[in-house]
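The values are calculated or read from the model by the stated rules, or taken from the named source; none is laboratory data. Source: prediction; values computed, not measured. Here the Cβ positions follow ideal geometry from the backbone for every residue, glycine too, while neighbour counts run over all protein chains shown. The area values use the complete protein model at the heavy-atom level, side chains included, leaving out ligands, DNA and RNA. Shrake-Rupley method; radii C 1.70, N 1.55, O 1.52, S 1.80 Å.
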Amino acid sequence: MTAPAPRPGIMDIRPYVGGESAIEGVSRTIKLSSNEGALGPSPKAMEAMKAMAGEIHRYPDGGAESLRMAIGARYGLDPARIVCGAGSDELLGILCRAYSGPGDEVLYSAHGFLMYAIAAKACGATPVTAPEVDLTANVDNLLKAVTPKTKIVFLANPNNPTGTYIPASEVARLRAGLPPHILLVIDAAYAEFVSRNDYTEGNELVDAGDNTIVCRTFSKMFALGGLRLGWAYGPENIIGVLNRVRNPFNVGSAALAAGLAAFEDKDYAELCKRHNDYWLPWLSEQVTKLGLTVVPSVGNFILVRFPAGEGKDATAADKFLRSKGVIVRAMGAYGLGDSLRITIGTGEENQIVVDTLREFVKG
Ligand SMILES: *Cc1c(COP(=O)(O)O)cnc(C)c1O
């Protein structure tokens, strides 16, 4: 007897493991493992979701019209060239399926977001990585790794889990150095957190051609990870492909309602941005003072590197933090077994992280 076999590549996928949210035997936990917004969702988003609860027997607006209009108006983008997805993960997966397959290569930098490998393998393509320099994507190395089989380049900018970014001029150099038939996917999941003069999310590269797309999410700054909502801005040809391949009702009505309300609650987003602007440098500095290495981050999380040595390494730190109810993200799956990724939390949570790490380091 032979059971149905999936396509080659599928069984090579190491299933994505999300950040844990509970520890057995610990009643109060602090979850800083998934880069979710520290302050939770906008109260207006919660209200909007409650207000539409009586309508959930209706199919959602499959074209996500209101949300696309609002996004377009805010950023000066043509709403017809925006598509919404069930999280940006869905859009990343569709792009892989539509533009690559068996025999093709999907390229990204060494510590790029884990979903790229999963999406590539799921459609039979081969994931290929290019070395980083100082845990930062390196344009020369990416260009060197391009082969005639390369179909897609994914660039998370800023990247998760490293928190590093490359300036707009470097992204432009990457685009210019790639053959025009290669799709460049700029994954700007943390764009809203970045305040650097030399950074852009990449919309100008979308407008400059027909081969670059920018993916965005409501899961990080807008803190709606549980609802699954993302969007992409791209050229007409690629948006046309996404609209053909996506499910007609890929985004639920609750996500659309809450997403629109969160997007329009500018004051709350500003509050969340200010929170991160204060606590990101604070946490980075405090953890550095403990003698640990913090990779410079422009996102809402930091990557902390631990020295080798039994009892003092990242695994021991993770265990210690857990014993105190603090859940962060171990990085073994990214090949960064010496590191832990810690999301910026509330002020109190950040203080507890530092106190607990101090206890670990000194103890
Ligand atoms: C969180 C994250 C996403 C996925 O976000 P969803 O919209 O929740 O699917 C995509 N890319 C990067 C780099 C992320 O960190």
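So which residues in the range 200-217 are open to solvent by 30 Å² or more (accessible area, probe 1.4 Å) and of a type in the set (Val, Ile, Thr), if there are any at all? Write out each step before concluding.
Of all residues in the range 200-217, those open to solvent by 30 Å² or more (accessible area, probe 1.4 Å) come to 200-201, 204, 207-210.
Listed by number, the list holds a single entry, Thr200.
Just to check your reading of the model, which residue among Asn250, Asn157, Asn243, Asn197 is open to solvent by 20 Å² or more (accessible area, probe 1.4 Å), within 16 Å of the ligand (Cβ to nearest atom) and in the same structural domain as Phe113 (by TED's automatic domain parsing)? Talk me through it step by step, then tell me what you get.
On the way: Asn157 fails: open to solvent by 20 Å² or more (accessible area, probe 1.4 Å); Asn243 fails: within 16 Å of the ligand (Cβ to nearest atom); Asn197 fails: within 16 Å of the ligand (Cβ to nearest atom).
That would be Asn250, the only listed residue that is open to solvent by 20 Å² or more (accessible area, probe 1.4 Å), within 16 Å of the ligand (Cβ to nearest atom) and in the same structural domain as Phe113 (by TED's automatic domain parsing).
Determine which member of the set Thr343, Thr356, Thr315 is in contact (Cβ under 8 Å) with a residue 12 or more places away in the chain and crowded, with 22+ Cβ neighbours inside 10 Å. Don't jump to the end; show me each part of the working.
Details: Thr356 fails: crowded, with 22+ Cβ neighbours inside 10 Å; Thr315 fails: crowded, with 22+ Cβ neighbours inside 10 Å.
Of the residues listed, the single one that is in contact (Cβ under 8 Å) with a residue 12 or more places away in the chain and crowded, with 22+ Cβ neighbours inside 10 Å is Thr343.
Hey, Thr164 hits all of (1) out of contact with any strand residue (DSSP E or B) (no Cβ under 6 Å at 6 or more places or on another chain); (2) surrounded by 21 or more Cβ atoms within 10 Å (Cβ to Cβ) but one; which does it fall short on?
Going through (1) out of contact with any strand residue (DSSP E or B) (no Cβ under 6 Å at 6 or more places or on another chain); (2) surrounded by 21 or more Cβ atoms within 10 Å (Cβ to Cβ) one by one, Thr164 breaks only (1).
Being under 23 Å from Arg329 (Cβ atoms) and not assigned by TED's automatic domain parsing to the domain that holds Tyr190 is true for just one of Gly112, Gly18, Gly87. Which residue is that? Give the derivation first.
Details: Gly112 fails: not assigned by TED's automatic domain parsing to the domain that holds Tyr190; Gly87 fails: not assigned by TED's automatic domain parsing to the domain that holds Tyr190.
Exactly one of Gly112, Gly18, Gly87 is under 23 Å from Arg329 (Cβ atoms) and not assigned by TED's automatic domain parsing to the domain that holds Tyr190, namely Gly18.
Given the conditions (1) modelled with pLDDT of 95 or more; (2) within 28 Å of Asp277 (Cα to Cα); (3) in a loop (DSSP other than H, G, I, E, B), report the number of the one that Glu20 does not fulfil.
It is condition (1) that Glu20 fails.
Look at Gly230 and say whether it is over 27 Å from Asn159 (Cβ atoms), within 16 Å of the ligand (Cβ to nearest atom), touching a residue at least 60 places away in the same chain (Cβ under 8 Å) and assigned by TED's automatic domain parsing to the domain that holds Gly85. Please lay out each step first, then the result.
Numbers: over 27 Å from Asn159 (Cβ atoms): no; within 16 Å of the ligand (Cβ to nearest atom): yes; touching a residue at least 60 places away in the same chain (Cβ under 8 Å): yes; assigned by TED's automatic domain parsing to the domain that holds Gly85: yes.
Spelling it out, it is not the case that Gly230 is over 27 Å from Asn159 (Cβ atoms), within 16 Å of the ligand (Cβ to nearest atom), touching a residue at least 60 places away in the same chain (Cβ under 8 Å) and assigned by TED's automatic domain parsing to the domain that holds Gly85.
Which numbered condition in (1) under 29 Å from Tyr268 (Cβ atoms); (2) open to solvent by less than 90 Å² (accessible area, probe 1.4 Å); (3) free of Cβ contacts under 8 Å to residues at least 12 places away in the same chain is the only one that Pro6 fails?
Failing condition for Pro6: (1).
Filtering the range 174-194 down to residues that are in contact with a Gly (Cβ under 9 Å, 6 or more places away or on another chain) and more than 16 Å from the ligand (Cβ to nearest atom), which residue is farthest from Asn157 (Cα to Cα)?
Among those that are in contact with a Gly (Cβ under 9 Å, 6 or more places away or on another chain) and more than 16 Å from the ligand (Cβ to nearest atom), it is Pro180.
Just checking, which of Asp104, Asp89 is more than 23 Å from Glu270 (Cβ to Cβ), charged (D, E, K, R), touching a Lys or Arg at 6+ places or on another chain (Cβ under 9 Å) and open to solvent by less than 30 Å² (accessible area, probe 1.4 Å)? Spell out the reasoning first.
Working: Asp89 fails: open to solvent by less than 30 Å² (accessible area, probe 1.4 Å).
Answer to the check: Asp104.
Here are some residues: Leu95, Leu114. Which one is surrounded by fewer than 17 Cβ atoms within 10 Å (Cβ to Cβ) and within 16 Å of the ligand (Cβ to nearest atom)? So that I can check it myself, show each step before the final result.
Details: Leu95 fails: surrounded by fewer than 17 Cβ atoms within 10 Å (Cβ to Cβ).
Result: Leu114 is the single residue among Leu95, Leu114 that is surrounded by fewer than 17 Cβ atoms within 10 Å (Cβ to Cβ) and within 16 Å of the ligand (Cβ to nearest atom).
Given (1) buried (at least 20 other Cβ atoms within 10 Å of the Cβ); (2) in contact with a helix residue (DSSP H, G or I) (Cβ under 8 Å, 6 or more places away or on another chain); (3) in a helix (DSSP H, G or I), identify the lone condition not met by Gly72.
It is condition (1) that Gly72 fails.
Scan Pro41, Pro60 and give me the residue that is within 16 Å of the ligand (Cβ to nearest atom), more than 22 Å from Phe154 (Cβ to Cβ) and either of a type outside the set (S, T, N, Q) or open to solvent by less than 40 Å² (accessible area, probe 1.4 Å) (or both). Show your work before the answer.
Details: Pro60 fails: within 16 Å of the ligand (Cβ to nearest atom).
Going through Pro41, Pro60 in turn, the sole match is Pro41.
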